[in-house]
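Written below as structure tokens is the structure these notes are about.
The values are calculated or read from the model by the stated rules, or taken from the named source; none is laboratory data. What you are looking at is a predicted structure, and each value in this text was computed from that prediction instead of being measured. Note: ideal-geometry Cβ built from the backbone for every residue, glycine included; neighbour counts use all protein chains shown. Surface accessibility is based on the protein's heavy atoms, side chains included, excluding ligands, DNA and RNA. Shrake-Rupley method; radii C 1.70, N 1.55, O 1.52, S 1.80 Å.
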Amino acid sequence: MKAAIIETFGGADVFRIADLQRPEPKSGEVLIRVHASSANPVDAGVRSGKFLPDDPAHFPMVLGWDAAGTVEALGPDTEGFAPGDRVMAMSPQPGSLVGTHAEFAALAASQVVRIAHAVSFSTAAAVPLIGSTALAAFLALDLPPGARVLVNNPNGAVGAMAAAIAPLLGFELTAPDARDVDGAIDVRGREHAQRAFAAVTDGGAYATIVPEWWKPGGVFTAARGITPVTVQNPADQEVLVPLAGWLAQGALAPEIEDILPLDQIAEAHHRLDTPGLTGKFVLDHAC
């Protein structure tokens with residue numbers, strides 16, 4: 001199968017298109033023919049060597065968390081899907097050792113959901129990672145509908161998705177500089193995280209997707225009755241099913257910066273490396 005691979009960590013130009021052996025789905029797995037995937041900042045971090053897995057790196061490495069395509073085959077004892085089903089999926093790469101920038105990807109059925117025929121593969125491929133991260137952050141807040149919630153960068157990839165999801169969950173999304181909110185989601189870190197925490201009323205809720213910027217003491221004081229939560233993306237159907245439903249309803253639409261052929265993945269990563277650029281880049285595998 002064709003795949004975009006890296007054989008060492010480095011700049012965006014380390015990618016090359018190669019022929020790899022097609023994976024065979026194991027028990028409980030779904031083999032997906034990938035029609036579209038997307039490039040995320042976490043992929044750029046892995047490619048550069050900034051974000052490394054706990055175990056030694058395995059090369060050649062296929063990057064990519066997001067995928068949309070059709071079910072090609074099922075592993076033994078795999079239920080809930082049939083060949084030809086239109087699906088989107090998420091693989092927590094590099095820990096999973098399965099990247100989605102390839103012609104095929106074999107993933108656990110729990111990481112795959114069906115998508116409606118009205119939802120394009122390009123649209124679906126832009127959603128799993130950022131959408132599930134945003135939804136997981138709201139779930140971590142554990143607030144009732146009607147709560148006032150701040151997202152400290154509603155224009156970034158995850159932040160924009162969080163801003164779109166907030167009303168779907170019944171939350172009131174406030175301005176990023178609001179005060180006395182019931183909960184806050186930090187997607188930026190540094191001093192932005194501190195300001196978001198300070199904006200929460202005592203006893204409120206705070207979640208961050210940038211955990212290194214939660215430091216005990218200072219503004220993050222236990223005396224305020226707020227327990228900071230580091231968001232853990234479950235990468236499973238708990239977060240994927242609602243996203244697929246909202247996509248089918250037309251209630252959710254990811255903001256896509258550009259759609260490029262898979263063989264232009266280096267260009268997508270060059271643009272991901274551009275400071276301040278937070279758009280979503282989709283890779284079309286059919287081109």
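In this structure, is E103 out of contact with any Ser or Thr (no Cβ under 7 Å at 6 or more places or on another chain), free of Cβ contacts under 8 Å to residues at least 40 places away in the same chain, on the phi < 0 side of the Ramachandran plot and among the acidic types (D, E)? Against the criterion (out of contact with any Ser or Thr (no Cβ under 7 Å at 6 or more places or on another chain), free of Cβ contacts under 8 Å to residues at least 40 places away in the same chain, on the phi < 0 side of the Ramachandran plot and among the acidic types (D, E)), E103 does not qualify. Among the residues of segment 268-287, just one is among the acidic types (D, E) and touching a strand residue (DSSP E or B) at 6+ places or on another chain (Cβ under 6 Å), namely D284.
Within segment 195-210, not a single residue is within 30 Å of Q111 (Cα to Cα), open to solvent by 60 Å² or more (accessible area, probe 1.4 Å), of a type in the set (A, V, I, L, M, F, W, C) and part of a loop (DSSP other than H, G, I, E, B). In segment 263-283, how many are touching a residue at least 12 places away in the same chain (Cβ under 8 Å), among the small types (G, A, S) and open to solvent by 10 Å² or more (accessible area, probe 1.4 Å)? Going through segment 263-283 one residue at a time, the tally reaches 2. For segment 134-162, filtering for residues that are under 22 Å from Q93 (Cβ atoms) and either open to solvent by 20 Å² or more (accessible area, probe 1.4 Å) or in a loop (DSSP other than H, G, I, E, B) (or both) leaves 3.
Selection within segment 79-122: residues that are surrounded by fewer than 20 Cβ atoms within 10 Å (Cβ to Cβ) and of a type in the set (S, T, N, Q). The member of this set that is farthest from Q264 (Cα to Cα) is S110. The set of residues in segment 1-42 that are of a type in the set (K, R) and either touching a residue at least 24 places away in the same chain (Cβ under 8 Å) or in contact with a Leu (Cβ under 8 Å, 6 or more places away or on another chain) (or both) comprises K2, R22, K26, R33.
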